[in-house]
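Below is one structure, written out as C-alpha cells; the observations come after it.
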Amino acid sequence: MKSALPRRLRRSESFLGIHFDFHAGDDCKQIGKNVTRAMIAQIVTQVRPDYVQCDCKGHRGLSSYPTKAGHPAPGFVRDPLRIWREVTAKHGVALYLHYSGVWDNEACKRHPDWARIDEKGKRDDKITSVFGPYADKLLISQLKELCDDYGVDGVWVDGECWATLPDYAPHVIQAFREATGIRNIPRKPDDPHYYEFLEFCREGFRRYLRHYVDEMHRHNPGFQIASNWAYSSFMPEPVKIGVDFISGDYSMQDSVNAARLEGRCMARQGRPWDLMAWSFSGKWEDHCRSTKTIPQLQREAAIVLALGGGFQAYITQKRDGSVRLWTMKLMAEVAKFCRARQRFCHRAEAVPQIALLNSGPAYYRKSKNLLRPWGGELVPLSGVLNALLDAQNPVEILSEHHLTGRMREYPLIVVPESEYLVSSFRSKLLDYVRSGGSLLLIGPRCAAMFKGELGVRFAGKPTAKQQWLEHNGWLGGIGSGSQPVKLSGGAAAFGRLYDEDDDAGPWHIAASIRKLGRGRIAATYFSFGERYRKASTAVARDFLNAMVRELFPKPIVEVRGSHCVDVSANRMNGTLSINLVNTAGPHTDKEVYAFDEIPPVGPLSITIRPGFTPRKITVQPAGRAAPFTARRGQVLLTLPRLEIHDILCVE
C-alpha cells in the first residue's frame, strides 16, 4: 500500500515560492530533454519553497507540455509537466502554472475572429478579445485539462489586465452604443467619450475574468487562480471576483521602489497576496542580463515581508524547460533569510498611521490605457510615497473602498495630486477633518477641489516653471506646476517658493494649513510627486515631512540616524512589530545591474509610542533583547546597526 503524499499548502497558507517560465516558441523542439526528477528534487530540497510556479503556456501561445486542449510547442522529448507534478507532490510542494491569458499569439493566428480589433479596424496579431469566444474555446478547456489530467494546484495567469486593449469589433461597438446611447465612437484619447469607452472595455475584462474564475471553481472548488496584477495598483478597486490570491511581478530595475508601492497597494485588498521579484536585472533593450546577488534579492524580499506579504522570485527556464541549477544557491540563501522572518511578518496587519490615497476613479479618468499604469499615472503617487518613506513615516496606500467607514482610524490622510474625486467621497473627507482628522492635499489641482475649506483664492492658473523650494534655510529646485494663492479665513502660510535660487528674491506661498472644525486641512500649491520621483532632494523630503509632523506630531514610531530606512508598524499575533528595512545602496541606478554591498546604517535612535510600558523589546530574527527606557508614555532605544531587515517586537 502506497503511503499518502504530504499535504500541500494552499496559497492562503503559503509564504515563499519560486516562479519559472520560458514562453515556449517555434524554436522549442526538444522540450523536456533535460528535465529530470533529480533536477526538480534538487530545487525543492535546496530551497524548500511552499510552492513552485512553472511554465505551461507563454505569450507566444504554444504550450510547453503536450496539450490536447490547446496548441503544443513543436517537439517534446518527454512531458516536463508530469515530472514537475510528480516530484513536487512527493515533497509536499504546491504546483502552480504560468499561463498567458489574454495575450496569445497562436490563438490570434489560428482564429483571427478571436482577436480584438484596434481603432483602425485591424485585427490584433497577439491580443485576444475579452468579448469573444477565446475563454470558452481555449482558456477554460485548457485549465480543466491542467486541473484534471495533471492535478496541479492552480494557475498564475499572465498577460491579463495589463495586456487587455480597447476592442473596436462591430459587436462591441454595438453593445457600447446600446449600453450608453453614445453614437460617435471615440478612437483616440482626445475624442469625446473616450473615458466612457475605456470603462466599457474595462467592464468587459471584469466579465471575462469572472466567467473563467467562476467556471473553474464550479469545476473544482480547490483550484486556485490569480490573474496577474488584477486588484493591484493596475486595478485599484474592490475585489468582487473570486480570485484566490493577488500577485504581480514588479520591475527588474528600481525594484525597491516598485516593491514599496506595489506591496502597499495589495496589502489591504482582503486576499492572500505576494509579490514576485525578477532574480536578474538589466535594461529591456539589453538581453545580456545579470543575476542579482544574495543581499540584493534579500532586501527586495524584505520590502515585501515588512508589509505582511508573501514573496517569490522569477528564474528563467531554458528552451527545453530545464533550469539553471546554479541559480538555486541564490534562492536557497534568500529562502533562509525569508524563513527566519516568517513568523514575525507573514500576514501581519499595518497599524493605521498615514493613509496615502490611490483614488480608483481618479486613476481611471486619468489613464489613457485600460488597466495598466504605463502612461505615468502612478508617478505622482510613487513620488509622494517615496518622500514619506524617506522621512521614516509608516504609510499605507489605500483607495476609497478601504477608507470609507475607516477614516477615523488614521491620524493623517494624504491625497497626492488627484484631479478628480467622487463628490460623496470628498464630503466624507471633509467630515473626517471636521471630526478631528488631518488632511494633506498635494498639488494645485487637488487643492482646487477644496479651496473654500482651505481658505485660499487662486491667482491666475497653474504654471510649470523652475522654482526653488525653501526649507530650514536651504533651497532645492522644484521644476513643476505651481499656483499662486492668497490666504484668508485663518489659513496660515507654510513654506516659500522662490523664483530664483536665491532666498533674497521674490517668492510665493508654498503651502498652507487651516483649522477646520476639530481638525486641520492643508495643501501644497505646487506639484510634488513627479518631481520627487525623478529628481528627489533632501529639501523636498524634509519640507513634506515638516508638514506631516505639523499635522501628525506623534506617530507610533520615529526613527532618526539615517534616511535610508523604511519603517512599517504592524501588529502580528497581538504583538506590535516595527519593521526596519535598509534602503541604502545603488538600487535606483539603472547603470548598476547587480551589486553585492548594502551599506549598513546606524546607530538609529528610535522612539516608540505603544500605549503601554513594554515587558521587553526583542530584535528579530536575531532574538536579542533591546535595552530601552520608558518615560512619559513613550519608549526610547538605540539600534546600533541595521544590515538589511530587523523587526523590533514590542511585548
Looking for something within 25 Å of Asp27 (Cβ to Cβ) and at pLDDT 95 or above - is there at least one such residue anywhere in region 305-315? yes
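Restricting attention to region 374-391, which residues are farther than 22 Å from Ile578 by Cα and surrounded by fewer than 22 Cβ atoms within 10 Å (Cβ to Cβ)? First the steps, then the outcome.
Taking region 374-391 and keeping what is farther than 22 Å from Ile578 by Cα, we get 374-383.
Those that are farther than 22 Å from Ile578 by Cα and surrounded by fewer than 22 Cβ atoms within 10 Å (Cβ to Cβ): Trp374, Gly375, Gly376, Glu377, Val379.
Could you run through region 285-315 and say how many residues are within 29 Å of Gly75 (Cβ to Cβ) and either part of a loop (DSSP other than H, G, I, E, B) or in contact with a helix residue (DSSP H, G or I) (Cβ under 9 Å, 6 or more places away or on another chain) (or both)? Steps first, please.
Here is the first cut: in region 285-315, the residues within 29 Å of Gly75 (Cβ to Cβ) are 287-289, 291, 314-315.
When the remaining residues are screened for being either part of a loop (DSSP other than H, G, I, E, B) or in contact with a helix residue (DSSP H, G or I) (Cβ under 9 Å, 6 or more places away or on another chain) (or both), the result is 287-289, 291, 315.
Qualifying residue count for the region: 5.
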Scan region 451-480 and report the pairs whose first residue is aromatic (Phe, Trp, Tyr) and whose second residue is buried (at least 19 other Cβ atoms within 10 Å of the Cβ) and not in a strand (DSSP E or B), with Cβ atoms within less than 6 Å and a gap of 6+ or a chain change. Phe458/Gln483; Trp474/Val539
Taking Ala594 as meeting all but one of (1) over 24 Å from the mean Cα position of the chain (by Cα); (2) of a type in the set (A, V, I, L, M); (3) not in a strand (DSSP E or B), write down the number of the exception. (1)
Name the single residue, out of those in region 245-277 being under 23 Å from Gly154 (Cα atoms) and among the small types (Gly, Ala, Ser), that is surrounded by the most Cβ atoms within 10 Å (Cβ to Cβ). Ser247
Tally time: how many residues in region 535-557 are without any contact (Cβ under 8 Å) to a residue 60 or more places away in the chain and assigned to a helix (DSSP H, G or I)? 2
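Just for region 524-539: of the residues that are in contact with a strand residue (DSSP E or B) (Cβ under 8 Å, 6 or more places away or on another chain) and buried (at least 23 other Cβ atoms within 10 Å of the Cβ), which one is farthest from Asn257 (Cα to Cα)?
Here the answer is Tyr525.
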Which residue pairs have Cβ atoms under 6 Å apart, sit 6 or more places apart or on different chains, and have a first residue in region 360-382 that is among the hydrophobic types (A, V, I, L, M, F, W, C) and a second that is part of a helix (DSSP H, G or I) and at pLDDT below 95? Val379/Glu530
Within region 504-513, can one find any residue that is in contact (Cβ under 8 Å) with a residue 60 or more places away in the chain and either buried (at least 18 other Cβ atoms within 10 Å of the Cβ) or in a strand (DSSP E or B) (or both)? no
Just checking, which of Asp158, Asp214 is buried (at least 23 other Cβ atoms within 10 Å of the Cβ), at pLDDT 95 or above and under 27 Å from the mean Cα position of the chain (by Cα)? Asp158
Going through Ser512, Ser482, Ser536 one at a time, which residue ends up being in the same structural domain as Leu388 (by TED's automatic domain parsing), more than 22 Å from Pro553 (Cβ to Cβ) and modelled with pLDDT of 95 or more? Ser536
Please work out if Glu530 is under 30 Å from Trp284 (Cα atoms) and at pLDDT below 95. yes
Any residue at all in region 131-140 that's exposed (fewer than 15 other Cβ atoms within 10 Å of the Cβ), outside any helix (DSSP H, G or I), in contact (Cβ under 8 Å) with a residue 60 or more places away in the chain and not basic (Lys, Arg)? no
Might you let me know whether region 151-165 holds any residue that is over 30 Å from Gly222 (Cβ atoms) and not hydrophobic (A, V, I, L, M, F, W, C)? no
So which pairs qualify, if the first residue must be in region 636-648 and within 20 Å of Gly585 (Cα to Cα) and assigned by TED's automatic domain parsing to the domain that holds Pro599, the second must be modelled with pLDDT of 95 or more and of a type in the set (S, T, N, Q), the Cβ gap must be under 6 Å, and the two must be at least 6 apart or on different chains? Leu642/Asn582; Ile644/Gln298; Ile644/Asn582
I need the full set of residues from region 170-188 which are hydrophobic (A, V, I, L, M, F, W, C) and either loosely packed, with under 11 Cβ neighbours inside 10 Å or within 28 Å of Val243 (Cα to Cα) (or both), in order please. Val172, Ala175, Phe176, Ala179
Kindly check whether there is at least one residue in region 47-57 that is more than 26 Å from Leu330 (Cβ to Cβ), modelled with pLDDT of 95 or more and either crowded, with 24+ Cβ neighbours inside 10 Å or not polar (S, T, N, Q) (or both). yes
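Working carefully through the options Ile578, Ile617, find the one that is crowded, with 17+ Cβ neighbours inside 10 Å, among the β-branched types (Val, Ile, Thr) and more than 21 Å from Arg260 (Cβ to Cβ). Full working, then the answer.
Values: Ile578 fails: more than 21 Å from Arg260 (Cβ to Cβ).
None of the other options fit; the residue is Ile617.
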Go through (1) touching a Phe, Trp or Tyr at 6+ places or on another chain (Cβ under 7 Å); (2) part of a strand (DSSP E or B) one by one and return the number of the condition Val619 breaks. (1)
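The values are calculated or read from the model by the stated rules, or taken from the named source; none is laboratory data. Since the model is a prediction, treat every value here as computed from it, not as a measurement. Cβ: placed from backbone, ideal geometry, glycine included. Neighbour counts: every protein chain shown.
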